[in-house]
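Below: one structure, written as structure tokens.
The values are calculated or read from the model by the stated rules, or taken from the named source; none is laboratory data. Treat the numbers as computed from the prediction; the structure is a model and nothing was measured. Cβ coordinates were reconstructed from backbone atoms using ideal geometry, including for glycine residues, and neighbour counts include every protein chain displayed.
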Amino acid sequence: MAAGSVWRSLVRGKCSGTSRGTDSGSVWVQMQTVTLIPGDGIGPEISAAVVKIFDAAKAPVQWEERNVTAIKGPGGKWMIPADAKESMDRSKIGLKGPLKTPIAAGHPSMNLLLRKTFDLYANVRPCVSIEGYRTPYTDVDLVTIRENTEGEYSGIEHVIVDGVVQSIKLITEDASRRIAEYAFEYARNNQRSSVTAVHKANIMRMSDGLFLRKCREVAENFKDVKFTEMYLDTVCLNMVQDPTQFDVLVMPNLYGDILSDLCAGLIGGLGVTPSGNIGANGVAIFESVHGTAPDIAGLDLANPTALLLSGVMMLRHMGLHQYAAKIQTACFDTIKEKKVLTKDLGGNSKCSEFTTEICRRVQDLA
Amino acid sequence: PAGALRSTPSSTPGTTRGMVQDPTQFDVLVMPNLYGDILSDLCAGLIGGLGVTPSGNIGANGVAIFESVHGTAPDIAGLDLANPTALLLSGVMMLRHMGLHQYAAKIQTACFDTIKEKKVLTKDLGGNSKCSEFTTEICRRVQDLA
């Protein structure tokens, strides 16, 4: 996995002090540091669940817990706490629970702040149907890859005259090329057969046209991956009729925002959907994308599946495929078995009971 | 999903997610151009695609144009194989716009009953009848409903 090996070579260069390893049979496996951001609301309890499950799997991960809030720096600029940034810059890998954004005026969105801090340019959501958690859609197995820095969310708006507002959709060659390259590399490294560029270049000829052109150019360097193009509205029309026709989808910001949520809905919602954000300098932050659920926080009712599957995604990114498979299987089997399920999955077990059950299966799979 | 996620979403991403999980939570949705392009196609997909979806365009000076939104299907043109449902339901929408509700109801019922009965269906609806046969069947029912 190209992204994983880039990460590994960066860590080897910067790694200091974590020379402890775990003895996995006769193989010495290097412990790797991951910055854990539990988040707010149910964040701490689902993070604790994930840590417990990783521990049961003996995954060679050393957690470094940090809090992320928006603080005002010396120049009045919003930033994340220095120790959180330092940890992420060093570990390069983060696992994050949900963060609340305070309603206070002028307070930036936490996700936006993280995105800007680490130049998280690709938002990746694999959507796989979970056997045992039935939705009207079966056999879904696709990945949405969303350009996350520009496009319709550039934040460039202005008033022309009273009652007339313009919003600028910014598409650049560099960002388009970068996301296309990521998408094709992802497809290659994860044995996916095709990449589909989702666009509306028929209407937005220059902006989406540029995006599409870059995708086509990059496709030339990845002849082992099939490249197709489809209009966004056609994708939506077809997605709800037969999602199995889709594989890897790459698209600009707004379309990605919409499609990634749509696809999360296909497999059961944000409570079971993993997500990863890839940054420019080898940084990657994996996160659950549901809310903080303050109404059930601290009541041992939360479902840790989304964060756990994000952790699994993280393990794959780190090249730790064996551990990823083990944990994913334990999680899916638990859900399939239907004996120990959290409330949102249709059961009445506690978060801790669900977690214990997954741990038990993980240890059996060892 | 955890805790607070069951409130009906209003953002476009949340709405698409809500649509595929439970479309019955939605009623009338109004939105700007691009979101409408996306959502109208998504919702057409929910009920079976562009072959069965009606559409209307309202103009500023009282003009209204109703239309089927599928393509021209050149491969089956002139072969008496097409499904007229989308255009017919657009016509029904048009009758309602004109205040001719009784006629609209009659034609819609005849169309839906024909499809429900499953005896005379065009190929795209799962049958092997001709367009003319499907049409004749609806006409028969319409006359019975008179």
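Checked against (1) more than 18 Å from A:Lys200 (Cα to Cα); (2) out of contact with any strand residue (DSSP E or B) (no Cβ under 9 Å at 6 or more places or on another chain); (3) part of a helix (DSSP H, G or I), B:Ser40 passes all but condition (1). Cβ separations smaller than 6 Å between residues 6+ apart or across chains give the following pairs from the range B:102-117 residues that are without any contact (Cβ under 8 Å) to a residue 12 or more places away in the chain to residues that are in a helix (DSSP H, G or I): B:Tyr103/B:Leu95. Can A:Ser260 be described as of a type in the set (S, T, N, Q), in the same structural domain as A:Leu170 (by the TED database), touching a helix residue (DSSP H, G or I) at 6+ places or on another chain (Cβ under 8 Å) and closer than 29 Å to A:Ala49 by Cα? Spelling it out, A:Ser260 is indeed of a type in the set (S, T, N, Q), in the same structural domain as A:Leu170 (by the TED database), touching a helix residue (DSSP H, G or I) at 6+ places or on another chain (Cβ under 8 Å) and closer than 29 Å to A:Ala49 by Cα. With respect to being in contact with a Lys or Arg (Cβ under 9 Å, 6 or more places away or on another chain), in a strand (DSSP E or B), in contact (Cβ under 8 Å) with a residue 60 or more places away in the chain and not assigned by the TED database to the domain that holds A:Ile285, A:Glu152 fits the description. Within the range A:157-185, residues that are surrounded by fewer than 18 Cβ atoms within 10 Å (Cβ to Cβ) have Cβ atoms under 6 Å from residues that are of a type in the set (D, E, K, R) in these pairs: A:Ser167/A:Glu157; A:Leu170/A:Glu150; A:Arg177/A:Lys214, counting only partners at least 6 apart in sequence or on another chain. Within the range A:271-308, the set of residues being β-branched (Val, Ile, Thr) and either buried (at least 24 other Cβ atoms within 10 Å of the Cβ) or away from every other protein chain (no Cβ under 12 Å) (or both) comprises A:Val272, A:Thr273, A:Ile278, A:Val283, A:Ile285, A:Thr305. Looking for something within 11 Å of chain B (Cβ to nearest Cβ), under 15 Å from the mean Cα position of the chain (by Cα) and not in a helix (DSSP H, G or I) - is there at least one such residue anywhere in the range A:261-268? Checking the range A:261-268: not a single residue is within 11 Å of chain B (Cβ to nearest Cβ), under 15 Å from the mean Cα position of the chain (by Cα) and not in a helix (DSSP H, G or I). For the range A:203-252, the set of residues classified as within 11 Å of chain B (Cβ to nearest Cβ), not β-branched (Val, Ile, Thr) and not in a helix (DSSP H, G or I) consists of A:Met204, A:Tyr231, A:Gln241, A:Asp242, listed by residue number. The helices (runs of 4 or more DSSP H) found wholly in the range B:51-146 and carrying at least 1 residues that are touching a Lys or Arg at 6+ places or on another chain (Cβ under 7 Å) occupy B:101-117, B:131-145. The set of residues in the range A:161-181 that are in contact with a strand residue (DSSP E or B) (Cβ under 9 Å, 6 or more places away or on another chain) and hydroxyl-bearing (Ser, Thr, Tyr) comprises A:Ser167, A:Ser176. Filtering the range A:53-107 to residues that are surrounded by fewer than 17 Cβ atoms within 10 Å (Cβ to Cβ) and within 29 Å of A:Thr329 (Cβ to Cβ) leaves A:Asp55, A:Lys58, A:Gln62, A:Glu65.
Here B:Val92, B:Val30, B:Val120, B:Val20 are screened, and the one residue that is under 30 Å from A:Gly268 (Cβ atoms) and more than 14 Å from chain A (Cβ to nearest Cβ) is B:Val30. Taking the conditions (1) modelled with pLDDT under 95; (2) crowded, with 17+ Cβ neighbours inside 10 Å in turn, A:Ser47 satisfies each one other than (1). Restricting A:Thr334, A:Thr355, A:Thr342 to residues that are crowded, with 24+ Cβ neighbours inside 10 Å, in contact with a Cys (Cβ under 9 Å, 6 or more places away or on another chain) and touching a residue at least 12 places away in the same chain (Cβ under 8 Å) narrows the list to A:Thr342. Taking (1) modelled with pLDDT of 95 or more; (2) of a type in the set (D, E, K, R); (3) touching a helix residue (DSSP H, G or I) at 6+ places or on another chain (Cβ under 8 Å) in turn, A:Lys336 satisfies each apart from (3). Within the set A:Arg134, A:Arg146, the sole residue that is within 14 Å of chain B (Cβ to nearest Cβ), charged (D, E, K, R) and either part of a strand (DSSP E or B) or touching a residue at least 60 places away in the same chain (Cβ under 8 Å) (or both) turns out to be A:Arg146.
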